[in-house]
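Everything on this sheet refers to the single structure shown next.
Nothing in this text is a laboratory measurement; each read-out follows from the coordinates by a stated rule. All values derive from a computational prediction rather than experimental measurement. Using ideal geometry, Cβ is built from the backbone for each residue, glycine included, and neighbour counts are taken over all protein chains shown.
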Amino acid sequence: MDVNNPFAIYKWQALFDARDIFIDGLTTTLEVVIGALILSIILGIIFGVAGVFPNKIVKVINRVYVEFFQNTPLVIQVIFIYNALPHIHVMMPVLLIGIIGVGLYTGAYMAEAVRGAILSVPRGQVEAAVSQGFNYWQAMWYIVLPQSKKIMLPAMANQAINLVKNTSVLAMIAGGDLMYQADSWSGSNMYYGPAYVVTGACYWIICFALSKYIGKLEKEAEV
Amino acid sequence: MADLFEMNNFLFLMGGFKVTLEIGFFSIIFSVVLGTLIGIVRYLKLPLLAQLGGLYVDIVRNIPCLLCVLIARFMTPLPPTMSGILAMSVFTGAIMAEIVRGGINSVPKGQFEAALSQGMNKWQIVYHIILPQAYRNIIPPMVSQFTTVIKDSSFVWAVGTEELTGRSMILIGRYSDTSHLFVIMGCVALIYFMLNYSLSLIARWEHRRLIAKSY
């Protein structure tokens, strides 16, 4: 019974013929990954430093950002940007929604990674730098952040992989990413088997490549 | 706006919240059990099982939750909620396995040897010596993973399972007004937030208790 076999040869053939759809989706996913990764790292550093800033209001802003984005689902956040913001005349292309949505969400986790890493650097380091004439920001940038790299990178690597996986949320707002293409292609012809295997393999490769790259950065940070 | 705050709408959303809780509760239990079993077989280096466990973790940790949800819904004959539980359990099980492994690794090696010298077999050692100490160390990351399970359960709306997110989307579809949309989404976000924030507080409190205990 060839029809009942989810991995029948002709289904793979159909997928190969439709490869452009999947390549298209993969390109969109990669664009969102790169954009969201950059955004989340910037947000993570800003809010991570804010989390240890010696000013109560700045600290509260950090807590509100982190707690809100860590404790509500990404799906709700992205659907909010997609569905609700146009009502108040904020309209964005779906690619940008993906970058902003996933970037903001992961940024909260990056901020916690940065904050935790900064706290692991002994306080005396800042004081010593300040006594040498550095101001707070110089001490942070030149002294504390480089030292916290070793603790920061593994935690950030985990979040970067979560980010790659979470870009699939775009499928829920017809974002044209890899998961969306796989879902709609296999939904129309029921060839789920090959579509899911190929999609899974693509995400797996992206995550694997990313964790290898960050592993390399970690080694460099140790020297 | 008054028409929004009806008992019917409230019960409708709560019906969805019940499904979210069901998926969350069972997925958490199954994934902790699965993660622990894999953690044990990898710790004891049981032939074949340890390799299979490692392979499972390496594969599932690098694929999206949504893919698990789609596979569980369309490639198994399970009903919607059950397929959601299966997907979330399999997906989270891989992460739990890594958390448990970290916990087991934090137990000093001498503990195993000391227990062995007392005549315990390896299963007794795992059960009585290793796991209790490992669990104590990993309660904070585990509980924060629970919040992720509850958040990620909203992915099952992609296959039409009516949990909290899905029900709120249906509700939004019934009203076209801007203010209605913002109120509904705000309420749903608040429900998730309260549940997850209480869990995070437990994780943080437990973390502090651990630090206080160990020094």
**Report entry** chain B: angle of helix B:80-105 to the longest principal axis, Cα-based, in degrees nearest 10
**Finding:** 30 degrees
Query raised in the report: Using only the Cα atoms, what convex hull volume per residue in Å³ does segment A:16-222 have?
Result: 131 Å³
Report summary line: So, with points 7 Å from each Cα along the Cβ direction, the B:ILE211-A:ASP24 label distance in nm works out to 5.2 nm
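What is the fewest-to-most order of A:VAL78, B:VAL90, B:VAL183 by other Cβ atoms lying within 10 Å of their Cβ?
On the way: A:VAL78 24, B:VAL90 20, B:VAL183 16.
Ranked by crowding around the Cβ, least crowded first: B:VAL183, B:VAL90, A:VAL78.
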Query raised in the report: Quick one: which of A:LYS11/A:LYS212; A:LYS150/B:LYS45; A:LYS59/B:LYS151; B:LYS109/B:LYS213 span more than 28 angstrom between C-alpha atoms?
Result: A:LYS11/A:LYS212; A:LYS150/B:LYS45
Query - Enclosed volume per residue, in Å³, of the convex hull spanned by Cα atoms of segment A:1-131 - result: 185 Å³
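Report the extension gain between A:GLN13 and A:PHE68 in nm, rounded to one decimal, defined as 0.36 nm multiplied by the number of residues separating them, less their alpha carbon distance.
On the way: separation 55, 0.36 × 55 = 19.80 nm, distance 4.57 nm.
My answer for the length gained is 15.2 nm.
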Query raised in the report: In peptide B:66-75, what is the residue-averaged number of other protein chain Cβ atoms found within 10 Å of each Cβ?
Result: 6
Report summary line: Per-residue average of other protein chain Cβ atoms inside 10 Å, peptide A:175-183 -> 2
**Report entry** Net charge, B:THR92 excluded, C-beta distance under 12 Å - Lys, Arg +1, Asp, Glu -1
**Finding:** 0
Query raised in the report: Packing-wise, with mean Cβ within 10 Å as the measure, how do B:40-48, A:111-119 rank, highest first?
Result: A:111-119, B:40-48
Requested in this report: Let me see the pair-distance distribution of the protein assembly as shown: every alpha carbon pair, 20 Å bin width, integer percents in order.
Outcome: 22, 55, 21, 1
Query raised in the report: How much net charge surrounds B:VAL19 when only other residues with a Cβ under 11 Å from its Cβ are counted (Lys, Arg +1; Asp, Glu -1)?
Result: -1
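What is the local net charge at A:ALA8, summed over the other residues whose Cβ is closer than 15 Å to its Cβ (Lys, Arg +1; Asp, Glu -1)?
On the way: positive: A:LYS11; negative: A:ASP2, A:ASP17.
Neighbourhood net charge equals -1.
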Query raised in the report: How crowded by other chains is A:150-162, given as the mean number of beta carbons from other chains within 10 Å of each beta carbon?
Result: 1
Report task. Run the numbers on segment B:2-214 and let me know its relative contact order in percent, using alpha-carbon pairs under 8 Å that are six or more apart. Result -> 27 percent
